[in-house]
Amino acid sequence: MGQANPPDMLLEGRTLVDKGPFTFHCHPGVSCYLKCCHNAEIYLFPYDVLRLKQHLNLHSAQFLRQYTRIGEGSHPFFPGVMLNMASAEGLPCPFLSNEGCTVYRDRPSACRTYPLERAVEQLNHTTRLKVHYFMTHHPYCKGHFEQKTYTIKKWERDQGLYEFNLFNELWAEVDAFFASNPWRGEGEAGPLQQLAFMACYNIDDFRSYVEQHRLVQQFRVDKVVRNRIKKDDSALLKFGFQWLQFYLGRKPTLVPK
């Protein structure tokens with residue numbers, strides 16, 4: 001997922017999918033079954049990390065240490081987080097078993113969107129986002145020759161993409177803000193960037209930080225939302241996105257008391 005003009009998004013091996021139907025079906029009967037789960041470069045967005053660490057019942061810091069590495073981000077001013085493949089033959093996904101995906105209901109955005117890729121375009125001088133889907137064409141994938149037909153809306157519904165897309169769009173706004181280099185000249189991996197990384201990817205440590213510094217109490221936040229932030233990681237992540245833009249860029253994402 002990125003922010004650019006559609007021609008810039010159209011990389012080699014991809015075609016734009018508009019409102020028309022497309023055919024695809026992945027199932028154990030296709031000869032390439034689970035091949036895409038090996039030796040893959042998978043970027044994890046903040047909501048992906050949140051769902052996976054919850055599924056595995058791990059502290060987010062432990063999940064990051066055990067399963068991820070730092071990679072290049074979408075711009076030079078903030079890193080990306082990538083899933084480490086296992087060291088077994090073929091470099092399988094660490095969550096892959098002989099029967100299939102062991103974290104399927106909480107699998108990352110890239111996995112549940114595949115064979116599509118999703119990008120958002122920020123319309124000029126507005127906060128509105130336009131969504132684009134692209135079909136990938138990997139030569140090994142035989143699912144394209146199956147005769148099951150989808151529309152984009154049906155694919156989103158069947159793959160449980162609504163919540164992921166919602167948070168990934170919020171993240172796209174934050175990442176675009178980070179691309180403005182709001183780090184006040186501190187250089188790579190300085191204190192502000194580490195704070196931002198914690199708020200985005202290490203939700204458990206961020207919860208401790210929020211409680212220690214009474215961050216929520218410093219803003220006009222609806223009582224229902226405050227209670228949700230206390231108990232729900234997703235609500236806390238959304239607050240973290242808002243707080244970072246306010247704290248680093250004085251954007252009107254929150255209203256101080």
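The values are calculated or read from the model by the stated rules, or taken from the named source; none is laboratory data. Just so you know, these numbers come straight off a predicted model, no measurement behind them. Neighbour counts run over all protein chains shown; Cβ positions are idealised from the backbone, glycine included. Only protein heavy atoms, including side chains, enter the accessible area calculation; ligands, DNA and RNA are left aside. Shrake-Rupley method; radii C 1.70, N 1.55, O 1.52, S 1.80 Å.
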Among PHE177, MET198, THR149, the residue whose Cα sits farthest towards the positive end of the charge dipole of the stretch 142-210, when +1 is placed on the Cβ of each Lys and Arg and -1 on the Cβ of each Asp and Glu, is THR149
May I ask for the distance between the Cα centers of the stretch 188-257 and the stretch 77-142, given as a whole number of Å?
-> 26 Å
Peptides 91-97, 19-25: what's the order by average Cβ count within 10 Å, highest mean first?
-> 91-97, 19-25
Quick one: dipole size for the chain, taken about the Cα centre, charges +1 on Lys/Arg Cβ and -1 on Asp/Glu Cβ, in debye to the nearest 20.
-> 980 debye
Provide the per residue accessible area, probe 1.4 Å, for the stretch 7-89, rounded to a whole number of square angstrom.
-> 59 Å²
Carbon-plus-sulfur fraction of the accessible area of the chain, 1.4 Å probe, in percent?
-> 51 percent
Which of rounded, prolate, oblate describes the stretch 8-94, given a ≥ b ≥ c as roots of the alpha-carbon gyration tensor eigenvalues and a/c under 1.5 marking rounded, otherwise prolate only if a/b is larger than b/c?
-> oblate
For the stretch 165-257, accessible area per residue (1.4 Å probe, heavy atoms of protein chains only), Å² = 53 Å²
Using a cut-off of 21 Å between alpha-carbon atoms, which lysines can reach LYS35, once sequence neighbours fewer than 8 places away in the same chain are excluded?
-> LYS142, LYS148
Can you list the residues, at least 5 places off or on another chain, whose amide H is less than 5 Å from the amide H of VAL17, using H built in the peptide plane?
-> TYR133, PHE134, MET135
Taking only C-alpha pairs under 8 Å that are 6+ residues apart, what is the relative contact order of the chain in percent?
-> 25 percent
May I ask you to order 173-180, 218-225 by the average number of other C-beta atoms within 10 Å around their residues, highest value first?
-> 173-180, 218-225
In degrees rounded to 10, the 0-90 angle between helix 203-213 Cα long axis and the longest Cα principal axis of the chain is 10 degrees
Report, by chain and number, residues whose modeled amide H sits under 5 Å from the one on VAL81, excluding near sequence neighbours (fewer than 5 apart, same chain).
-> LEU44, GLY71
C-alpha long axis of helix 191-201 to longest principal axis of the chain, angle in ° = 50 degrees
Greater than 31 Å apart at Cα, pairs in LYS153/LYS257; LYS230/LYS251; LYS130/LYS251; LYS53/LYS257; LYS19/LYS230; LYS19/LYS223 | LYS153/LYS257; LYS53/LYS257; LYS19/LYS230; LYS19/LYS223
